[in-house]
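First comes the structure, then the notes that go with it.
The values are calculated or read from the model by the stated rules, or taken from the named source; none is laboratory data. In this text, all values refer to a predicted model and were calculated from it rather than measured experimentally. Every residue, glycine among them, receives a Cβ derived from its backbone with ideal geometry; neighbour counts consider all protein chains shown. Side chains are part of the model used for accessible areas, which takes the heavy atoms of the whole protein and leaves out ligands, DNA and RNA. Shrake-Rupley method; radii C 1.70, N 1.55, O 1.52, S 1.80 Å.
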Amino acid sequence: MSDTPRRPRTTGKPYRRPKKDPVRILAFDALRAVDERDAYANLVLPPLLRKAREKEGPENFDARDAALATELVYGTLRRQGTYDAIIAECVDRPLREVDPPVLDVLSLGAHQLLGTRIPTHAAVSATVELARVVLGDGRAKFVNAVLRKIAQDDLDGWLARVAPSYDEDPEDHLAVVHSHPRWVVSALWDSLGGGREGIEELLAADNERPEVTLVARPGRATTEELLGEEAAVAGRWSPYAVRLTEGGEPGAIEAVREGRAGVQDEGSQLVALALANAPIDGPDEKWLDGCAGPGGKAALLGALAARRGAALLASEKQPHRAGLVAKALDGNPGPYQVIAADGTRPPWRPGSFDRVLMDVPCTGLGALRRRPEARWRRRPEDLDGFGPLQRGLLRTALESVRVGGVVGYATCSPHLAETRAVVADVLKQFPGAELIDARPLLEGVPGLGDGPDVQLWPHVHGTDAMYLALIRRVGG
């Protein structure tokens, strides 16, 4: 017998350690945080990107890697409903029986195959490698088999197979094709007033990546300063808005770091400007932002108030959000105060203010471009919880403004139950209050409807779907 040791027998290919891809691992971690902790992608991504840059080094994780990771996360979340319908056609069990981490990997792979220009072979191989790292070899084989089925057709081909026809079920067709829950499609359609073209354009706009919009806070920064940044162009409607057409990192801009400018959607800026410019009778000295967190509108209102010698009181119920308001207002050129208080049980006296803004908590259906996960998180029954709060806050606003002053009621939702229904119900209780036409106060902005209130739209105005009603107190 030979003393030479035998080599162990092997079957198949030798084991290969999976290659770790920091971009796709980051995207997977972000999706798990959104699913497991109800986190928001816009809050989860920045620290994950910083951690990846620090760990991998700038030579191994550069701006292009950050952009790809961001696209994978947001694209997957926006198209989740569509990808779920497609994946369901390619697995042999109900989706609810697929482990959530496996479904996240499959969705990331589906987005690369159907929603990006990544070549098919690269999309499949990179996603299978990710599965080997985060799920193990066994489940990676399942991922590989499903993705190869998905890769057999493009997005249009899949939609023709999984979406019902428009004539058969228009709401379900739009829900699958444009990746919105059916109830959201129905609510947005009602808010638009019907018509296929408008709802198609709105749902498509919700799935587009929004530009980053900055605000130059009056007296602290100028649009000219911000326009000196790379790929910066003037806003469409607000004189204080500057758009970053190629995205970018706002925190790298000096004026933003110093708080002299901020990130603020142009629709949000228009709401603050309309309230500030609404005609009132009598003095113009005391302004209130009654739901001030996280502080964007308060910072703009505070700067506008300072120009007139007026003082702003910014009130926010949640102490940690009141802290964000204080940070946003820090350095304001005029007098202001930030307090933590319940807007439905205010500590101030009735009739104390000349101008009052109530940007009330809502479902957030107007900002689905920026928070795509909200469409899957919200439920129709959420409206039952928000309704009483919204009515209570509007009543407080009308009680807080003096006769001759003006209230602005705003929501980042176009849902009729959160906009016109709230205003109509509360005005029935206040015969001494009347709607005023808000449209002339949004000078140059087209497509504002019949008034007197205003509804902005992503597909029409390029803003979040902000709603504004201006109400003047004319009697006791």
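The condition of being on the phi > 0 side of the Ramachandran plot and either under 23 Å from the mean Cα position of the chain (by Cα) or hydrophobic (A, V, I, L, M, F, W, C) (or both) holds for only one of G451, G408, G447, that being G447.
Against the conditions (1) open to solvent by 40 Å² or more (accessible area, probe 1.4 Å); (2) at pLDDT below 95; (3) part of a helix (DSSP H, G or I), N60 satisfies every one except (3). Scan region 348-356 and tell me whether some residue there is on the phi > 0 side of the Ramachandran plot and surrounded by fewer than 21 Cβ atoms within 10 Å (Cβ to Cβ). Yes. In region 171-186, the residues that are within 15 Å of E373 (Cα to Cα) and assigned to a loop (DSSP other than H, G, I, E, B) reach residues that are β-branched (V, I, T) and open to solvent by less than 20 Å² (accessible area, probe 1.4 Å) with C-beta atoms within less than 8 angstrom, at least six apart or across chains, in these pairs: S179/T82. Return the pairs, sorted by first residue and then second, in which the second residue is open to solvent by 50 Å² or more (accessible area, probe 1.4 Å) and in a helix (DSSP H, G or I), the first residue lies in region 49-71 and is at negative phi, the beta carbons are less than 6 Å apart, and the residues are 6+ apart or on different chains. Correct list of pairs: F61/R53.
Selection over region 302-338 of residues that are surrounded by fewer than 16 Cβ atoms within 10 Å (Cβ to Cβ) and touching a Leu at 6+ places or on another chain (Cβ under 8 Å) gives a count of 2. The condition of being outside any helix (DSSP H, G or I), out of contact with any Gly (no Cβ under 7 Å at 6 or more places or on another chain) and either open to solvent by 70 Å² or more (accessible area, probe 1.4 Å) or within 29 Å of L301 (Cα to Cα) (or both) holds for only one of R148, R236, R220, R209, that being R209.
Filtering region 262-280 down to residues that are farther than 16 Å from T223 by Cβ and among the β-branched types (V, I, T), which residue is surrounded by the fewest Cβ atoms within 10 Å (Cβ to Cβ)? Per the criteria, the residue is I280.
Scanning region 112-139 for residues that are free of Cβ contacts under 8 Å to residues at least 24 places away in the same chain, part of a helix (DSSP H, G or I) and open to solvent by less than 50 Å² (accessible area, probe 1.4 Å) yields A122, V128.
Taken over region 303-319, the criterion of being of a type outside the set (A, V, I, L, M) and part of a strand (DSSP E or B) is satisfied by S315, E316.
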